[in-house]
């Protein structure tokens, strides 16, 4: 049985994973070269577009499955901070970076609290059902 606080983190983990997976997929479908060009146009090295796209795509899947939650969430926090500082800040809060702040907060929650409920990490890290129930 998953306690309510563990279930809340599970929901945050899955939703954040789906959102980042969709953004990563969009970068691949739109062409990574175009994304790299955009990165360069705002002063970010183009090769980071490939890194971000892979992190978003693969990381999103990992979050949904509960694999490496804290590590992936930390990477997403860095990505959101970078997006805010380099692109979104000049647009103001509303209509600019409010969604990025929300996604960053979700990532920070997972970074700090983790999300062992219904996570595949439990299989690999040897967590028992008792540990999951305490989460």
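The values are calculated or read from the model by the stated rules, or taken from the named source; none is laboratory data. Predicted model only: the values in this text are computed from it and were never measured. No Cβ is skipped: glycine too gets one built from the backbone with ideal geometry, and neighbour counts run over all protein chains shown.
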Of the residues 33, 121, only one is free of Cβ contacts under 8 Å to residues at least 60 places away in the same chain and more than 24 Å from residue 8 (Cα to Cα); which? 33
Which numbered condition in (1) touching a helix residue (DSSP H, G or I) at 6+ places or on another chain (Cβ under 6 Å); (2) closer than 21 Å to residue 124 by Cβ is the only one that residue 103 fails? (2)
Kindly indicate the residue of segment 92-108 that is free of Cβ contacts under 8 Å to residues at least 12 places away in the same chain and assigned to a helix (DSSP H, G or I) and also surrounded by the fewest Cβ atoms within 10 Å (Cβ to Cβ) among those meeting that condition. 94
With the structure loaded, tell me whether residue 16 is within 17 Å of residue 121 (Cβ to Cβ) and assigned to a loop (DSSP other than H, G, I, E, B) or whether it fails that test. no
Given the criteria in a helix (DSSP H, G or I), in contact (Cβ under 8 Å) with a residue 40 or more places away in the chain and surrounded by fewer than 18 Cβ atoms within 10 Å (Cβ to Cβ), does residue 112 qualify? no
Residues located in segment 25-49, provided they are farther than 17 Å from residue 87 by Cβ and crowded, with 16+ Cβ neighbours inside 10 Å: 32
Given the conditions (1) over 17 Å from the mean Cα position of the chain (by Cα); (2) modelled with pLDDT under 95, and given that residue 9 satisfies all but one, which numbered condition is not satisfied? (1)
Residue under question is residue 77, and the condition is that it be under 18 Å from residue 18 (Cα atoms), assigned to a helix (DSSP H, G or I), more than 10 Å from the chain's Cα centre (by Cα) and touching a residue at least 12 places away in the same chain (Cβ under 8 Å); does it hold? no
For segment 19-69, enumerate the residues that are in a loop (DSSP other than H, G, I, E, B) and farther than 22 Å from residue 120 by Cβ. 31, 42, 43, 44, 45, 46
